[in-house]
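Derivation of every value follows stated rules applied to the coordinates shown; laboratory data play no part. Predicted model only: the values in this text are computed from it and were never measured. Note that each Cβ is placed from the backbone with ideal geometry, even for glycine, and that neighbours are counted across all protein chains shown.
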Amino acid sequence: MTEPLVRVEGLTVAYRGVRVVDGVSFTIEPGGSYGLVGESGSGKSTVAGTLTASLDPDATVSATTITVDGSDVVALRREALRRFRRDVVAVVHQEPGLALNPTMTVGRQVAEVLRARGSGRADAEAATVQAFTRVGLPTPETVGVRYPHELSGGQQQRVAIAMALVARPRLLVLDEPTTGLDSTVEAGIMALIDELRTELGFATLLISHNLPLVAAHCDRVGVLRRGVLVEEGSATRVLLAPSDPYTVQLVEALPDITAGKPAARPAADEAAADEPAAQRAPDVLVTVRGLRKEYEGQAALDGVDLDLHRGEVLGVVGESGSGKTTFGRALAGLVGYDGTIAVAGGAGHGVGRDPRRTPPVQVVFQNADASLNPRRTVRQVLGRAIRLLHGAGSAEELAARVGLAADVLDRRPAQLSGGQKQRVAIARAFAGPVPLVVCDEPTSALDVSVQARILDLVLDLQRTTGTTCVFISHDLAVVRRVADRIAVFEAGRIVDLAPAERVFDDGTHPRTRALVEAAFDLRRRAGLTGRVATA
């Protein structure tokens, strides 16, 4: 029998006496693919950090066996550790913006990996262009001269994937590798990784909250809860016929891509309930005309025209780099732009407007870590938001509205889970009577069980307050769950704009059809289109 490439037996990891991984055991065969799923804080990334010898020095690690390609990972020191990280393992992190060097062009960063493995300058540059082509980066011949901040989040992730693949590792660790990618790019990237895994023979450890992604691309799956591996087996068995109640909960929390927004009327519409819907003209809150924004001569937004209706949820989808986030930032006054945005019938903002003069908008960002002040407690964050937004009630009452326990109020962000941080960010955005809230990928970094609760929370707050929401996401199942209308972006333009059901059932533009088909195809491949069976 072939010796496993990765063997983990009885792995326990503790920080300051607190166990975060407890007795985990699994193997990965050469060329195999193993998926780790579980809620935020379950220990997934700690397991990956152990295998790549990159845990914090404060970690206490014990195990019967931890080997990768025959190397005892815990025993590696200095030169052996450098060779291990160069030749044996490569990692694609969830946050490429933190993994990439901001002072180096992306082309130089990928070429540096090749140079470290003995390639000459010309060969490294040629291989870098080839790698950029394979991961679907636009203008692969010239994109290498740009710095990470000049790329979208999805483009940064493709650079990180290219950097890992050119190293030709024996084990490729993928820590939420497609979080910032739309369904078509996600499908292409994962197909590329599967193809290269077959061609080059490396194994993959895929850490993801995206259960359809894990089911479609992994041979075996392990389910972690509070550091314990509660279930393990073939992907088909674990995710389609789970035996552990926690696994059942995860699968059942998946948003149903075939179901639309739950039937309910926003509070802002109640006063007009007696008037026939056909006779009511939409109440326009925001008028956008001729919106343009360029970065380094490239148009991120190219003549966007749109009316946002009061009390609606507008879903915004499109491929990475299509202008989704730039559109949201323009609405929030976080970037300057050309064109006009008129809020609540007021005077429009003209060409070259001052980005500091923000309209009455709040933003919920994808990464709550980066948007919450690390030195303020939850009580201070919420209290300040209530004052600035002229809200009513106390921080305690606001926390209770979003399902945060009272004992969280005196903690700082570093002491919270990912789901708790996002609840704080959402509570802050809805702390007062704000007409418009922009949600920019607010659930993409959360596991499915937390994601489901956060989506319900956003919908409940939006309906209760009558606030208009712009919900930006690459996850079409999530968008279908929350949106009244959907705008599809491509190359800085809106190419499709229609009620959500019409976009899914009868999208007219090729980009719309490609996004929808890729999302449905992933579910079909994973077999997660029907009801879950329980053992």
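For the stretch 22-29, backbone phi angles converted through the Karplus equation (6.51, -1.76, 1.60; θ = phi - 60°) give residue-by-residue couplings of 9, x, 7, 9, 6, 9, 10, 6 Hz, Gly and Pro being listed as x.
Measuring nothing but alpha carbons in the chain and taking Rh as the Kirkwood radius, the Rg to Rh ratio lands at 0.97. A simple packing score, the average count of other Cβ atoms within 10 Å per residue, orders the peptides 74-80, 435-441 as 435-441, 74-80, with the highest score first. Karplus-derived 3J(HN,Hα) values for the stretch 310-321, using 6.51 cos²θ - 1.76 cosθ + 1.60 with θ = phi - 60°, are 5, x, 9, 10, 9, x, 10, 10, x, 5, 4, x Hz; glycine and proline are entered as x.
In straight-distance terms, cross-link reach from Lys293 covers every one of the lysines whose alpha-carbon lies under 17 Å from its own, apart from those fewer than eight places away in the same chain; here that gives Lys324. Among 196-204, 125-133, 220-228, the peptide with the highest mean count of other Cβ atoms within 10 Å heads the list, and the full ranking is 220-228, 125-133, 196-204.
The gain in end-to-end length when the Glu195 to Arg387 segment is fully stretched comes to 63.7 nm, 0.36 nm per residue minus the alpha carbon separation. Distance from the C-alpha centroid of the stretch 52-76 to that of the stretch 363-431: 37 Å, rounded to the whole angstrom. Scoring 231-244, 31-44 by mean Cβ neighbours within 10 Å over their residues and listing the highest first yields 31-44, 231-244. Excluding same-chain neighbours fewer than eight residues apart, the lysines reachable from Lys421 by a Cα-Cα span under 19 Å are Lys44. For the stretch 181-196, the Karplus equation 6.51 cos²θ - 1.76 cosθ + 1.60, evaluated at θ = phi - 60°, returns couplings of 10, 6, 4, 6, 5, 4, 4, x, 5, 5, 5, 4, 5, 4, 5, 5 Hz by residue, with Gly and Pro reported as x.
Express the Stokes-Einstein translational diffusion coefficient of the stretch 165-215 in µm² s⁻¹, to the nearest whole number, given a Kirkwood radius over alpha-carbon pairs, 4 °C and a viscosity of 1.567 mPa s. Walk me through the numbers before you get to the answer.
Numbers: Rh = 11.4 Å.
Reported coefficient: 114 µm²/s.
Summarising the label geometry, the points placed 7 Å from Cα in the beta-carbon direction at Leu334 and Thr2 lie 4.5 nm from one another.
So if R0 is 60 Å, what FRET efficiency would Asp460 and Thr64 give, r being the distance between their Cβ atoms, rounded to the nearest 0.05?
Working: r = 48 Å, r/R0 = 0.79.
It comes to 0.80.
Put a dot 7 Å past the Cα of Asp87, heading toward its Cβ, do the same for Lys261, and the two dots end up 5.7 nm apart. Summarising the amide proton neighbourhood of Val20: residues at separation of 5 or more, or on other chains, whose placed amide H is nearer than 5 Å comprise Val13, Ala14, Tyr15. Entry note, the chain: the mean residue ellipticity at 222 nm calculated from DSSP H runs of n ≥ 4, each adding -39500 (n - 2.57), is -10500 deg cm²/dmol after division by the residues and rounding to the nearest 500.
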